[in-house]
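Below is one structure; the comments refer to it alone.
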Amino acid sequence: MTAVPIHRRRFLAPLARITGGDKLVGAALVVLIVLILAAVFAPLISPHDPDAVDLSATLSGSTPEHLLGADQSGRDVLSRLIFGARTGLLGPLMVVIVSTVLGMLIGVAAAWYGGVVDSVLSRAMELVFSFPALLLAILLVAVFGVGLTAPVIAMSVAYAPYVGRLARSVALQEKARPYIQAYKVQGWSGWVICVKHLLPNIAPLILAQSAINFGYALMDLAALSFLGFGVQPPTSDWGAMINEGASAMLQGAMLPALAPGVAIVITVVAFSLVGESIADRVARREER
Amino acid sequence: MTEYALEVENLRKSFGGHVAVDDVSFSLKPGGSLAIVGESGSGKTTTARMLVGLERPDSGRIRVVGRDRSNAARGKATRLARARELQMVFQDPYLSLDPRVSVAQCVEEPLRLHFGMSPRERRARRDELLERVGLGEREADALPRRLSGGQRQRVAIARALATEPKVLILDEATAALDVSIQAQILDLLAEIRRDTGVGYLFVTHNLALVRHIADDILVLYQGRVVESGPTRDVLAAPEHPYTRLLLHSVPRPGWDPAQIAADRRALATALREARAPSAAAEPARHDPDAAPTRRSVTP
Amino acid sequence: MTTRLLEIENLNVRLAAGRAARPILDGVSLHVERGEAVGLVGESGSGKSVTCRSVLGLLPEGSQAAGSLRVDGEDILTMSSNRLRELRRRDVSMIFQDPRASINPIRRIGDFVTEGMRAGGVPQKDALKRAEELLESVGIREPRAALRSYPHEFSGGMLQRVMIAGALAGGPRLLLADEPTTALDVTTQAEVISIITRLQAERDMGMLFVTHDLELAAAICDRIYVMYAGRIVEAQSAERLFRRPRHPYTSGLLAATPRLESDQPPHGVPGRPVSLAEAPDGCAFAARCAHARPGCTEDEPVQREIDGAQVACLRAEELIHD
């Protein structure tokens, strides 16, 4: 075999492994890649300035000039959608990173030490579970003011127990496996065993859960923006766009609210599909 | 007094209200081979786990080459010293290796932890260990999932030997292997014992196996030692009914499972009846029959 | 000639298409008569479990089978799915290795034992009464209470008895046992085996007993088939197989088994068992065989009869005199 395809295969291999030959998952992955590219290169690819006002096009519907029409202020919906992907993806990304790290730490610590540590951490997670995430976010907005910061902190805290609970149960299972016990018998410290052996082996499953969480976090953050607690107009954000577009709906223009709504649904579904696919693959690997 | 490689006195462990290991004592001479035999729930695995520090005994003493290890290890030095005395090979070859660590790494890890070797010395020692268990360079680079059950168990043995322990605990180490492979591993273990003088503690329920691998035997039933002594004597003339039951349970031509089933029920009934009246006065230490722990390995 | 209870002829199973395509069974032929206990012995990858499951029409996912597989003259491979369901409910039953994995943990024991009968149209009351008798016959004390219990309240050995009771509910003529005691303790194994063999004799069932344990098979079976790499390499009566194994693999297995009554230490067979997909040309066992000759790696041995034994070894005739 020649060197070039091997090189390319190595680059694409992780992606191919995630799809596992499933066309739907492949499509979801393509959607996610397109979204990320759109977010990164937004200034280059968006047809208009997202904040530029073209009053002649107000609520125009789809035209060659404005493919997804323009909103009630005459701003290009497609361009706002593309720029909206930036806050739309950045927020959940931070939520997922923080909640995953936090949840893994809590979950693994609870599983590894057991006893009192486990009880305290588990009760703490239940406490957070019982507190409505949106309410927490609204309270934090009162402290930090509107913007992305408060919702991201609130969602990170709210999502950490989901990761933590999963991490705890998987780590408990993994901890009982003989290979972990063999390392104990070898004389390694608990810290080294956890970091070098336990975490890498449970990580794929946790990351699968985090990918699914990404979609939910995106939806929650959009909801906060919609309610006016998150990203503020005129910054383009999908949740805020639905809010602004809602009044346009009454005037018969569906696109300004519908387009971001569809974008949210597609993104959430795509993340769920990819997450489930990773989880399935991990489960299948476990079986062997 | 002889220095024993492993000495266990009055070991006891209970989980909740259930006594898993009750007053178990035995010892193992350097380079000796002892089998702890019993069925699940007999306390044999719990005993093994206490020896390597995976469970903490409620009471009793464990000494390896004279050094006490009954209490939790404090500090790194103690932990490492203990790991160099006693190692363990687990039953399931599919779960006892980290799936993400290559065979070579798996054997090098304990070398790195325990000995201040240069990378070159370490590689040389690793190759020596792998060769010792019959694995070559091709297997060394592989991840565990590329290996068969027998090969994985060889890796586990090499890994356990890396710290040069005085005693190796083999917890049903061949039970999950194919018969033709099990015999290979037994051959290998015998060879290693001959060459290195390591002592073996087998944990198993297979008496036919014990006959060929262990000098001495310790039969556990419901957490207690019911019979012990040289394997040859105990198997030739078992004195405790439970030992006899275990012996008869090994399938062979002309085997009568119905009789064994009847014996098993009779034994359980006898035990229940013997325990019930004495329970109020004094906890029943031994089984109803006249000759429980007649032979003991302890001096 | 009357039809045999189970007759498998030249069964070939292969996983079809895709990257995982590979052969699993090659020309497996065996039969079980009424009231006969037949052992199917092999190591991992030998295809013994696939053979056993195929009798219930349970082939590996995505596989294709060729050959014939007849229960009382009716071919399983061409059977309608309705007829197959009826067959599984009434005529052929299976006992699996791990009772805990094979019995639905959230349903009561009574539901498990009666579900086949209920599906067959037996009224609830009669089914429960019959289930009680069945549980009693496998040695469960207080069967009436047991019917209302859940699987987690039973030990592995007790649960295996429940599975046997469930397997007998339809009054099968053929019992398939796939390593039914491998997960059990030795003493529990003896007890479960005594129940299986007693019921098999009482009800005059045919039994196909799959195991990796040659000693166990020899202890309870009339005839034994030995499988290696998806093929049957030897078949003869249990007693003679034990005394005079004809295939080098069978002798190897016997020599590798540690034995109580012998001073001979177990002697391993070099190499490791292979599956059919990994097997080289010629005799699959040649690479591990002490008697192999250059010709062994070229021609695939054909099964033939020698002294009442079926053997698939190129040198079987010569080796008799060794």
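The values are calculated or read from the model by the stated rules, or taken from the named source; none is laboratory data. Here the structure is a predicted model, which means the values were calculated and not measured. Neighbour counts are summed over all protein chains in view; Cβ atoms, including those assigned to glycine, are modelled from backbone coordinates with ideal geometry. The protein model used for the area step is the full one, side chains on, heavy atoms only, and it has no ligands, DNA or RNA in it. Shrake-Rupley method; radii C 1.70, N 1.55, O 1.52, S 1.80 Å.
Structural remarks
- Square roots of five times the Cα gyration tensor eigenvalues for region C:128-272, Å: 34, 17, 13
- Inverse of mean 1/r across different Cα pairs in chain A, Kirkwood, Å: 21.0 Å
- Note on C:ASP204 and C:LYS129: with the Förster distance fixed at 22 Å, the Cβ-Cβ geometry gives a FRET efficiency of about 0.45.
- Globularity index of the protein assembly as shown, i.e. its alpha-carbon radius of gyration over 2.2 N^0.38 Å: 1.13
- Average projection, convex hull of the Cα set of chain B: 17.5 square nanometres.
- Region C:105-171 - charge dipole about Cα centre, Lys and Arg +1 at Cβ, Asp and Glu -1, debye rounded to 20: 100 debye
- Sum of side-chain charges, A:ALA150 neighbourhood, beta-carbon under 15 Å (Lys, Arg +1; Asp, Glu -1): -2
- The Cα atoms of region C:51-128 define a convex hull whose projected area, averaged across directions, is 6.5 nm².
- Positions from region B:133-169 whose accessible area shrinks by 40 Å² or more when the full protein complex is built, not the chain alone, probe 1.4 Å: B:ARG159
- Label-point separation in nm, B:ASP127 to C:ILE306, each point 7 Å along Cα→Cβ: 4.5 nm
- Chains B and A together bury roughly 1800 Å² of accessible surface, counting both sides and using a 1.4 Å probe on protein heavy atoms.
- Cβ neighbours within 10 Å from other chains - mean over C:213-220: 4
- Residues of region A:148-191 whose accessible area (probe 1.4 Å, heavy atoms of protein chains only) drops by at least 40 Å² once all protein chains are present, relative to their chain alone: A:PRO178, A:TYR179, A:GLN181, A:ALA182, A:TYR183, A:VAL185, A:GLN186, A:GLY187, A:TRP188.
- Rounded to the nearest 20 debye, dipole of chain C from Cβ charges on Lys, Arg, Asp, Glu: 1020 debye
- The residues of region A:68-287 present an accessible area of 41 Å² per residue when probed at 1.4 Å with all protein chains retained.
- Alpha-carbon centroid distance for the pair region C:131-171 / region A:242-288, whole angstrom: 50 Å
- Nearest-20 debye value, chain A charge dipole, Cβ charges on Lys, Arg, Asp, Glu: 1520 debye
- Helix A:115-129 and the long axis of chain A differ in direction by around 10°, with both axes built from C-alpha atoms.
- For peptide A:71-81, the mean count of partner chain Cβ atoms within 10 Å of a residue's Cβ comes to 0.
- The protein assembly as shown, accessible surface, carbon-and-sulfur percent (1.4 angstrom probe): 55 percent
- Inter-chain neighbour count for B:172-183: the average number of beta-carbon atoms from partner chains within 10 Å of each residue's beta-carbon is 6.
- Peptides B:128-141, C:172-185, C:194-207, C:223-236 ordered by average Cβ neighbours within 10 Å, highest first: C:223-236, C:172-185, C:194-207, B:128-141
- Centroid-to-centroid separation of region C:303-322 and region A:84-160 [C-alpha atoms, Å]: 72 Å
- Summary of packing: across the peptides A:156-167, C:48-59, A:76-87, the per-residue average of other C-beta atoms within 10 Å ranks them, highest first, as A:76-87, A:156-167, C:48-59.
- Between B and C, accessible area buried - total, square angstrom, nearest 100, 1.4 angstrom probe: 3000 Å²
- Per-pair calculated FRET efficiency, R0 = 41 Å: C:ALA277 and C:ARG90 via Cβ, rounded to 0.05: 0.70
- Accessible surface, per residue, of chain C when the full set of protein chains is kept, probe 1.4 Å, Å²: 44 Å²
- Listed values for region A:97-103 are Karplus-derived 3J(HN,Hα) couplings in whole Hz (6.51 cos²θ - 1.76 cosθ + 1.60, θ = phi - 60°), namely 4, 5, 5, 5, 4, 4, x, and x replaces Gly and Pro.
- Efficiency of FRET between A:LEU134 and A:ARG285 - r from beta-carbon atoms, R0 51 angstrom, step 0.05: 0.90
- Charge tally around C:PRO143: other residues with Cβ under 12 Å, Lys/Arg +1 each, Asp/Glu -1 each, net +2.
- Taking 17 Å as the cut-off, the amide N atoms of region A:167-210 that come nearer than this to a point 7 Å along the Cα-to-beta-carbon line of A:ILE36 belong to A:204, A:207-210.
- Pairs of Cα atoms in region C:105-171 fall into 10 Å distance bins, from 0 up to the last occupied one, in shares of 25, 61, 14, 0 percent.
- Legend: P(r) of chain C from all alpha carbon pair distances, 10 Å bins from 0, whole percents, reading 6, 25, 32, 23, 11, 3, 0.
- Total formal charge among the other residues, if their Cβ is under 10 angstrom from that of B:VAL179, Lys/Arg +1 and Asp/Glu -1: -4
- Inter-centroid distance (Cα atoms) of region B:155-218 relative to region B:24-64, Å: 15 Å
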